[in-house]
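Note sheet for the following structure.
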Amino acid sequence: MDQRLNYLIAGMFVLLTFITIIFVTTLLPAWTFKPEASAEAVVYTALETEGRNIYRREGCFYCHSQFVRYQDPEMGEMVKAGDYVHETPHVLGTERTGPDLSNVGGKYPSAWHWAHHIKPRAVKPGSIMPSYSYLTEHEMTALVAYLQTLGKNRKLPQWIVPPQEYRDRFAVISEKVNVKASAIANAGRGIYMQNCAQCHGVAGRGNGPVSMSMMKKPANFTRPYYAKYRDDMWFWRVAEGVPGSRMPRWDRSLSDEDMLYLVAYLRTLPRTDNPKVNDIEVSEMSQLDDPNVLDHNFWQIESLNPTNHGGGDMESRYAYGGGRGD
Amino acid sequence: MSVLTRAFSEVFSDQPYSASRNFLISGIFWLVLGTTLGLLAASLMTWPDMIRGIPQLSFGRVRPAHINMVTIGWLSMGYIGCFYYILPVLVGRKGVWNERLANITMVIWNLLVFFGVWSLLNGYTEAREYAELEAPFDIVALAGLILVGINGYMTVLSGPEKKWYVSVWYILGAMFWFPVVYIIGQRVFFAMEGLNDAIANWFYGHNILGMWFTVGGIGILYYLMPRFTGNPLYSHTLSMLGFWTIAMFYAPTGTHHILQSPVPEWLKAIAVISSVFLLVPVLTVLTNFFMTMKGKWSLAADHIPLRFALAAGVAYLLTCIQGPFQATRFINWYLHFSNWVVGHAHMALLATFSFIVFSATYYIIPKVTGRKIYSKRLAVWHFWLSLYGWIIMMLALTIAGLIQAAGWHFAIPYDQWVIEMHPYMIVRTLSGVMIVLGQILFMFNIYHTVFSKEFEPAPHSPTGIAFV
Ligand code: HEM
């Protein structure tokens, strides 16, 4: 009998701790944590709610998160608790197989989304996003309407900016070297030829001899995409290198001054090369069997005929190359 | 007797231990299907255009189907099968309190898994990770869990043995906690708003692992280790300390899954602190585990179930070093959102808890059917295919995760780093092929043991070494 009493007391103890802990960490917040709706919180219309339900039904959130953290400045403004008051059930997501979608609204025209959902690899070579060609016309309209509300009121940065640390560092050291001067650019050309041309090519097209052996090819600096790079952005990329690729961290071997010379040179390169999708991922393209959706040149996606897909607002705030996924 | 009536009487049997056997063999069936779904999901991440235009087979639906099939279908059924053998033995009964009720629960649970996964594939989902099943299924699952619990508790209360071995504690704990976690986290009864919903979701997402798979798995392990080695359990005090601390530290850790979202800071702080404190129960378990092995390591050469248990122990150690590590803010800052986490999930659920159930199955099936396992060769193949499959998968996912994390952190355009991940995705798919193959061998081996007309009777073997 004594033994039983011991068990009982012990059992009650576990029960009590457990219930208390659950209460404090799971149920208590439901009472105490009631953020005010922020200006960014979206109240969804019926169509958008339907789209949101399709988003949940198709499991988009297994690959896409919907919260921007402070370490993701290039994904747009950071989210606040108040942004989520109308988000029930939540779609925060825990994996970023694809980009965060908190601020995707307005980033692309709706026609782009149509095309992207039907043939992701036509607009984004190498993407592993599934094709949603099976959605009906109406479902697609609803889904895209929902996507266009995301982060409607938040601002997406004009262009990727380097981390604060590099912005500050650049501001300090660039006082000594004027990266806009052509003499400096000429000096940078010399350093480039010695250190970079073997990979990035003499003309900066990413086709230097060493690039042949690389799976991830060196950057082609003559793509129009790079016209948007700011000087401190170049500086950051050169200094930090590209983790996961053969691009070295030049910070380790070059002086700040040398890197500024390089920046001066890189910023002068012409941005005229307009690669076709076919040059990037020929193999992917052969799988795309449905010819009526896209022409295969994703730099000129404007040529999509939006009327085919139930309309699209072309008043995107940013050009199509405006995101990191360019 | 026709096949049908025979099957019927087997399924609704009241033979002692028939429920244990039935749960285990149903679990194994879902294991093969569930890992195949995982393989499908992995292939879709490697070759996204492999299947197009079939909604049921698109990644966003296959993934929850995979997860629910392996957690609710395979692991939970495997666990209950083990519990229904271990509990009666430990309290000195023959069979559980009500074997027929247990078998009815088994049928309900199988229907739940089948229709649940079917509904997920067809897009009926609550869309909360790990808690995807819709409300009707939640209610059935809850009813099932309560039946499981009643049977478990009544077995223990009605048994002659009143001094309960630690496994009984752990198992009864798991049977009590899981329904509680399920009610709160699966949101059966009331809805929460916005971020609070996410908090409840991850309370469930983490505690199905913590309060069910961990507590139950350790209970099984504590039963198996002394049996396999013939050594007494190293320390009962440690095992009880582990039991209490799990209850304290597991419940609030859920928020570490959304550590950087705008939920209240104090919740995150509690989650991180208790995640690190989880090292306490983990170390008690592992100390016990490895000390019980003392002097008996050579057994592993021949003792297949022990080999599985050892692999599980090592994987548990690794998981639980990795877990607190990645729950700290600095590390989470970098690794969150990447395939690294998926690697971690497989280390826990595949390499630790599934291996524990494999180990238990090879030991329990001969005990409950009186038949020696059909083929040792197949069991050895099962071991190596699963182990190497997992190691390769783990490495591939971890490396891919690091690339992915770097890609996001350094703002590298997606189409440039994704091709870097492709080779690892191929390797992961191949590892999946190995694992699925291993499980097919496992299923064949066990089914042949249980159903074949010809069999070798299980020899007398207290440590179970002669069963396989
Ligand atoms: C019994 C064995 C298994 C268990 C218990 C298991 C469990 C899980 C769990 C819990 C997750 C969710 C991970 C997360 O939180 O993000 C998951 C995801 C996944 N599993 Fe498994 N798994 C098993 C076997 C397999 C196998 C053999 C494969 C085939 C390669 C596989 C492929 C996948 C894939 C592709 C995902 C989705 C990952 C993502 O979203 O990026 N699993 N599994």
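Determine the dipole magnitude for the protein assembly as shown: charges of +1 sit on the beta-carbon of Lys and Arg, -1 on that of Asp and Glu, nothing else is charged, the reference point is the Cα centre, and the result goes in debye to the nearest 20. Spell out each step's value before the answer.
Values: 60 positive and 54 negative charges, 408 e Å.
The dipole of the protein assembly as shown has a size of about 1960 debye.
Tell me, what is the Rg over Rh of segment B:268-310, with Rh the Kirkwood radius over Cα pairs? My calculation of the ratio gives 1.24. In chain B, helices alone account for a calculated mean residue ellipticity at 222 nm of -24000 deg cm²/dmol, with every DSSP H run of four or more residues adding -39,500 (n - 2.57).
Which whole-number value in Å² is the accessible area per residue of chain B, probe 1.4 Å?
Values: 15760 Å² over 468 residues.
Spelled out: the 1.4 Å probe surface of chain B, per residue, equals 34 Å².
Each 10 Å bin from zero up to the one holding the largest Cα-Cα distance in segment B:60-192 carries the following percent of pairs: 12, 41, 30, 14, 3, 0. The heavy atoms of B:SER298 offer some 100 square angstrom of accessible surface to a 1.4 angstrom probe. For segment B:399-426, accessible area lost to neighbouring protein chains reaches 30 Å² or more, against the chain alone with a 1.4 Å probe, at B:TRP408, B:HIS409, B:PHE410, B:ALA411, B:ILE412, B:PRO413, B:TYR414, B:ASP415, B:GLN416, B:VAL418, B:ILE419, B:GLU420. How would the protein assembly as shown be classified by its alpha-carbon gyration tensor: rounded, prolate or oblate, with rounded meaning a/c under 1.5 and the a/b versus b/c comparison settling the rest? It is prolate, given that a/c is not under 1.5 and a/b is the larger ratio. The orientation-averaged projected area of the convex hull spanned by the Cα atoms of segment B:300-468 comes to 10.7 nm². Each residue of chain B gets 145 Å³ once the volume of the Cα convex hull is shared out per residue. For the chain pair A and B, the interface hides roughly 7400 square angstrom of accessible area in total, found with a 1.4 Å probe.
Along its principal axes, segment A:46-147 has C-alpha extents of 34, 33, 23 angstrom, given from the largest down. Of all lysines in the structure, the ones whose alpha carbon falls short of 28 Å from that of A:LYS124, not counting any fewer than 8 places away in one chain, are A:LYS107, A:LYS152, A:LYS155, A:LYS216, A:LYS217, A:LYS228, A:LYS276. Here the Karplus relation 6.51 cos²θ - 1.76 cosθ + 1.60, evaluated at θ = phi - 60°, turns the backbone of segment B:263-278 into coupling constants of 7, x, 4, 5, 5, 5, 4, 4, 4, 5, 4, 6, 4, 5, 5, 4 Hz, with x for every Gly and Pro. Counting Cα-Cα pairs of segment B:134-268 in 10 Å increments starting at 0 gives whole-percent bin shares of 11, 35, 31, 17, 6, 0. Rounded, prolate or oblate: which fits segment B:62-115 when a ≥ b ≥ c are the square roots of the eigenvalues of the alpha-carbon gyration tensor, with rounded for a/c under 1.5 and prolate only if a/b beats b/c? Oblate is the answer for segment B:62-115, as a/c is 1.5 or above yet b/c matches or exceeds a/b.
Is the shape of segment B:133-201 best called rounded, prolate or oblate, per the rule: a/c under 1.5 gives rounded, else a/b larger than b/c gives prolate, else oblate, with a ≥ b ≥ c the square roots of the Cα gyration tensor eigenvalues? Because a/c hits 1.5 or more and a/b exceeds b/c, segment B:133-201 counts as prolate.
The values are calculated or read from the model by the stated rules, or taken from the named source; none is laboratory data. Fair warning: this is a prediction, and the values are worked out from it, not measured in the lab. As a convention, Cβ positions derive from the backbone with ideal geometry for all residues, glycine included, and neighbour counts pool all protein chains shown. Just so you know, the surface numbers come from the protein's heavy atoms only, side chains and all, with ligands and any DNA or RNA stripped out. Shrake-Rupley method; radii C 1.70, N 1.55, O 1.52, S 1.80 Å.
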